[in-house]
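The values are calculated or read from the model by the stated rules, or taken from the named source; none is laboratory data. Since we're looking at a predicted model, the values are computed, not measured. Cβ atoms come from the backbone with ideal geometry, glycine included; neighbour counts cover every protein chain shown. For accessibility, only protein heavy atoms count, side chains too; no ligands or nucleic acids. Shrake-Rupley method; radii C 1.70, N 1.55, O 1.52, S 1.80 Å.
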Amino acid sequence: MTEQKPAEAVPAATMLLVRDEPEFQVLMVKRHHQIDFASGALVFPGGKPHSDDSLEEWAAYSDGWDQVDTTQRVLKIAAIREAYEEAGILLAVNRDGSPFEGACDPDSRRAVEQGERSFLDVVRQSDVILRLDSLTDFARWITPVFMKKRFDTWFYVARAPERQIAACDGYETVDAEWLSPNRALEMGKSGERTVIFPTRLNLELLSEANSAADCVDRALARTIVPVLPRVLQRDGKNILTIPEDAGYGPASEVVG
């Protein structure tokens with residue numbers, strides 16, 4: 001019998017928006033229960049790149065364009081777009097370099113999310129520049145080979161704009177909230193929220209920082225190791241584990 005080939009891991013991007021008021025917090029969203037991946041879970045905004053995320057026209061609307069390769073450009077634009085769609089946060093500056101502080105129109109967010117309008121068109125009309133250079137590599141996770149849907153996800157951390165207000169889209173996400181990493185972990189442990197394995201471990205990594213600046217500095221100093229979890233058998237149980245050199249310390253979770 002021929003062994004089935006694992007599904008291809010599709011590129012994806014996730015945004016960790018952090019702030020210091022009233023304490024060190026990260027923006028998290030609760031996924032709609034009808035979404036087919038991590039339904040109902042507390043996660044960071046993110047998703048797969050759209051075809052428009054790779055347009056060369058983005059060069060005129062992106063700070064840090066020449067600092068990263070083509071793959072990272074697409075993923076960082078996707079991460080910013082997903083934060084815009086799911087949480088109403090636009091990581092951008094005005095043409096004069098001042099932070100963009102406007103409100104993100106719900107109708108435009110929904111149109112971009114449903115493919116009825118290009119994100120580039122929204123950015124162009126707003127006359128702003130995306131801050132690709134403000135996204136710092138935080139982690140990279142690849143879905144285990146036994147999963148039917150697999151993703152190769154880059155996590156980026158960035159300081160959140162001070163005056164923008166996060167709001168869920170009501171479509172893919174049904175809640176958006178600022179939480180300290182420890183509070184989010186407590187909610188997952190108590191069952192108040194569903195927190196999946198990668199989210200839990202990245203929250204634990206976030207909890208090592210004491211401020212947004214400290215979090216970014218730690219990410220800059222860390223070597224990003226691709227994390228591909230696998231399942232081991234221990235005492236008759238299926239245990240999800242990750243490589244010891246991934247930077248998370250000993251980590252495992254019972255599955256199935």
What list of ³J(HN,Hα) couplings, whole Hz, do you get for segment 125-139 from phi and the Karplus terms 6.51, -1.76, 1.60, once you set θ to phi - 60° and write x for glycine and proline? 5, 6, 6, 10, 10, 5, 9, 4, 6, 8, 8, 10, 4, 10, 6
Can you tell me the FRET efficiency between Ala60 and Arg110 if r is taken as the Cβ-Cβ distance and R0 is 35 Å, rounded to the nearest 0.05? 0.85
Which three extents, in angstrom, do the Cα atoms of segment 119-256 have along their principal axes, listed largest first? 58, 36, 30
Overall form of segment 185-256 per C-alpha gyration tensor (a/c, 1.5; a/b vs b/c): oblate
Once phi is turned into ³J(HN,Hα) by the Karplus curve 6.51 cos²θ - 1.76 cosθ + 1.60 with θ = phi - 60°, what whole-Hz value does each residue of segment 201-206 show in order, with x for glycine and proline? 5, 6, 5, 5, 5, 4
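As a test, work out the antiparallel percent of DSSP beta bridges whose residues both lie in segment 8-224, rounded to the nearest 5. Don't skip to the end; give the middle numbers.
Values: 22 of 35 bridges.
Of the beta bridges lying entirely in segment 8-224, close to 65 percent run antiparallel.
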Restricting to segment 140-256, compute how many DSSP beta bridges are antiparallel as a %, nearest 5. 90 percent
Please list, in chain and number order, the residues 5+ apart from Arg222 or on another chain whose amide H is under 5 Å from its amide H, with Hs placed from the backbone. none
Vicinal HN-Hα couplings computed from phi for segment 6-19 (Karplus, 6.51 cos²θ - 1.76 cosθ + 1.60; Hz; Gly/Pro x): x, 5, 5, 7, 7, x, 8, 9, 10, 10, 9, 8, 10, 8
Quick one: if the Förster radius is 22 Å, what FRET efficiency do Ile239 and Ile196 give, using the C-beta to C-beta distance and rounding to 0.05? 0.90
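Leaving out ligands and nucleic acids, note down the accessible area per residue over segment 8-224 with a 1.4 angstrom probe, in whole Å².
Values: 10010 Å² over 217 residues.
Roughly 46 Å² per residue, with all protein chains present.
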Add -39500 (n - 2.57) for each DSSP H run of 4 or more in the chain, then divide by its residues: what number comes out at 222 nm, to the nearest 500 deg cm²/dmol? -7500 deg cm²/dmol
Hydrodynamic radius (Kirkwood) for the chain, which is based on Cα pairs only, to one decimal in Å: 18.9 Å
Counting sequence-distant residues (5 or more places) and residues on other chains, those with an amide H built under 5 Å from that of Arg150 are Val10
Please count, across the chain, the pairs of lysine residues with Cα atoms under 25 Å apart that sit 8 or more places apart or on different chains. 16
